[in-house]
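Before any comments, here is the structure.
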Amino acid sequence: MKENVLILAIESSCDETAAAVVENGRNVLSNIISSQIEIHKEFGGVVPEVASRKHIENINDVVAQALTQAHVSAEDIDAVAVTYGPGLVGALLVGVNFAKGLAYAWNKPLIGVNHIEGHISANFIEDKSLEPPFVCLVASGGHTHLVYVKDHGEYEVLGKTRDDAAGEAFDKIARAIGLGYPGGPLIDKAAKSGNKDAIKFPRVVINDDTLDFSFSGLKSSVLNYIHNSRQKNEEIVVEDVAASFQEAVVEVLVLKAIKAAKMKNCRTVALAGGVASNSSLRKMLQEECLKNNYKFVKPSAVLCTDNAAMIGCAGYYKYLKNEFSESSLNAMPNLELAK
């Protein structure tokens, strides 16, 4: 095995075209992200067809920038890693096909990476000393999972959402109260000047026997509050709605994450995904971890959003196990996290 393994990683599962060069799984030499947020803002959410077209336009330049910034060439790269699911099928196909072309042209191994596994792996980049086992709360626009990380590449899904993902709920409520897109950061900002106790929205726990989540009932409760207030010509304080809604989501996420750690007798709790950058979630989970004497790990903001560095990290541990993909690798929009 080489002393230094360099992975070129590509991520295109939603509306970020990203490429990175990662050394030995945890040392990020470059991490280029081309975001489409400004394009999709006018539609109030991601339009899959538009996202796919922009990936096609951007991917060549993004990969070239990643190689240039890392000061490496094709000859230096040991493998090409790429997200192949879950995500938007058209967006995924752009990244997968580009990665397959590079791997073939450069005669390098191809490594397909699960997007959720990538988010979990962001914590290894952030905390160089982190090693499994640990419990990870993955909360993003498309996913809300509680995962027990047994080892690199070995996972047990303890719970996941039965309907809306946490980030999806943030986006829908942000639109309903006129904040726009993307909802997560806008609700987080508005909530800072709101009263989290102003409105009593429900905390949906389902029951004591499951670590699954459900946010559709909470979402309906907020929409009903807005509708009823408008019918009665009552003032809607956007900041209070944002703060009260956010508190209801965060309380349940934290409650279940701590419960999962206790269930697995695990002393380390990690956070991952786009919603992991929410200031209230980070603060509350950190406080609860301190109370229980748990180690708390969270990625920096750039590693919470979709990025290729996290894919490179996950790809490295697959490289060590010779877990390579065939040239028939295809996009899998509904890919589950393998156990």
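Coordinate-derived values only; no laboratory data. All figures in this text were calculated on a predicted structure; none of them were measured in a lab. Quick reminder, even Gly has a Cβ in these numbers, built from the backbone with ideal geometry, and neighbours come from all protein chains shown.
Numbers for the structure displayed
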{"item": "GNM result for the chain, Cα springs below 10 Å: residue of Glu239, Glu126, Glu57 fluctuating most strongly", "result": "Glu57"}
{"item": "Cα centre as origin, Lys/Arg/Asp/Glu Cβ charges: the range 132-299 dipole, Debye", "result": "300"}
{"item": "Proximal charge balance of His152 [Cβ under 12 Å; K/R count +1, D/E count -1]", "result": "-1"}
{"item": "Built amide H within the under 5 Å cut-off of Phe213, gap 5+", "result": "Lys160, Thr161, Arg162"}
{"item": "Chain lengthening between Val50 and Thr210 when straightened (0.36 nm per residue, less Cα-Cα)", "result": "53.8 nm"}
{"item": "Tail fraction, Cα-Cα pairs, the chain, threshold 32 Å, whole percent", "result": "30"}
{"item": "Degrees separating the helix 279-291 axis from the principal Cα axis of the chain, which is the longest one", "result": "90"}
{"item": "Gaussian network model of the chain, springs between alpha carbon atoms under 10 Å - residue of His227, His143, His40 with greatest fluctuation", "result": "His227"}
{"item": "Local electrostatic count at Ser280 - Lys and Arg +1, Asp and Glu -1, tallied over other residues with Cβ under 15 Å", "result": "-1"}
{"item": "Residues Cys14, Cys136 arranged by fewest to most Cβ contacts within 10 Å", "result": "Cys14, Cys136"}
{"item": "MRE, 222 nm, helices only [DSSP H, n ≥ 4, -39500 (n - 2.57), over the chain, to nearest 500]", "result": "-14000 deg cm²/dmol"}
{"item": "Sparse-neighbourhood loop sites, trypsin sites (Lys or Arg not before Pro) in the range 100-189 - DSSP loop, at most 13 other Cβ within 10 angstrom", "result": "Lys128"}
{"item": "Pairs beyond 30 Å (Cα-Cα), from Lys196/Lys232; Lys41/Lys295; Lys192/Lys264; Lys150/Lys200; Lys54/Lys283", "result": "Lys41/Lys295; Lys192/Lys264; Lys150/Lys200; Lys54/Lys283"}
{"item": "Mean Cα-pair separation over length for the range 132-299, i.e. relative contact order, pairs under 8 Å, 6 or more apart, %", "result": "27"}
{"item": "Karplus-derived 3J(HN,Hα), 6.51/-1.76/1.60, for each residue of the range 180-193, Hz, glycine and proline x", "result": "x, 10, x, x, x, x, 6, 5, 4, 5, 5, 5, 4, 10"}
{"item": "Rounded to 10°, Cα long-axis angle of helix 238-263 versus longest principal axis of the chain", "result": "60"}
{"item": "Simple label model, 7 Å out from Cα along Cβ direction - Asp163 to Ala301, nm", "result": "3.2"}
{"item": "Förster-model FRET efficiency, 41 Å R0, Lys192 and Ile39, C-beta, rounded to 0.05", "result": "0.90"}
{"item": "On Cα atoms only, tilt of 89-106 relative to the major axis of the chain in degrees", "result": "20"}
{"item": "Rg(Cα) / (2.2 N^0.38 Å) computed for the range 88-234, rounded to two decimals", "result": "1.35"}
{"item": "Translational diffusion coefficient (Stokes-Einstein; Kirkwood radius from C-alpha pairs) of the range 95-161 at 37 °C, 0.692 mPa s, in µm²/s", "result": "241"}
{"item": "Quotient of Cα Rg and 2.2 N^0.38 Å for the range 210-298, N being how many residues it contains", "result": "1.31"}
